[in-house]
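S.K.: Encoded as structure tokens, here's the structure I'll be asking about.
The values are calculated or read from the model by the stated rules, or taken from the named source; none is laboratory data. All figures in this text were calculated on a predicted structure; none of them were measured in a lab. Neighbour counts run over all protein chains shown; Cβ positions are idealised from the backbone, glycine included. Accessible surface is based on the protein model in full, side chains and every heavy atom, while ligands, DNA and RNA are left aside. Shrake-Rupley method; radii C 1.70, N 1.55, O 1.52, S 1.80 Å.
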Amino acid sequence: MQGQVERGELDGLMVIMASLSHGLEQVLGRGAATVTFRAGRKIGLRSEVTERSEELAKALDILQTELEHKGIRWPFEIWKPQDAESAFYERDGNLATKLVFRNCMVRCSLFRYSHEQQLSLCMMNHGLFCGYLQNILGKRVDLQILHAGECACLKELTVIEGGT
């Protein structure tokens, strides 16, 4: 099929991306994560979205759909501890929630390349996620890694009140 990338080609491209991000980290050091996060956020902010919402749960649903329409398969779900009343809570005066990311192409690529998580390639993905969500929600958001594991990552999403 024209225009579609075969799985093997995609795996190869992602390993190249892991290699390039590793090289960027060697050259820029800690600054690499900031550069890639900002680049990802810029792409997300410039992307057209079909729907907007000021409600975080709805905005996350819209984001999932928007990413899938762009061919980005990065499934996530809102995580709520069993003893919590709600999945949403206040963190430093801002609305926050935790998200679980199970099937992540970047994580798989980093494992295949034998490179650690939470560095520049992860930050590029986080920037893209935050840029898209900011575009949909109309408020600045931040995504922090709480746990990066082999099978899933747990992240905290914070909506920054008054930030655009």
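S.K.: Mind checking the full-extension length gain between K58 and V35? Use 0.36 nm per residue of separation minus the Cα-Cα distance, one decimal, nm.
M.R.: 5.3 nm
S.K.: Quick one: how many Å² of I43 are accessible to a 1.4 Å probe, rounded to 10?
M.R.: 100
S.K.: Sort the following peptides by mean Cβ neighbour count (other Cβ atoms within 10 Å, averaged over residues), highest first: 128-138, 80-90, 48-58, 145-155.
M.R.: The most tightly packed comes first, giving 128-138, 145-155, 48-58, 80-90.
S.K.: What accessible area per residue comes out for segment 30-102, rounded to a whole number of Å², with a 1.4 Å probe?
M.R.: It amounts to 67 Å² per residue over segment 30-102.
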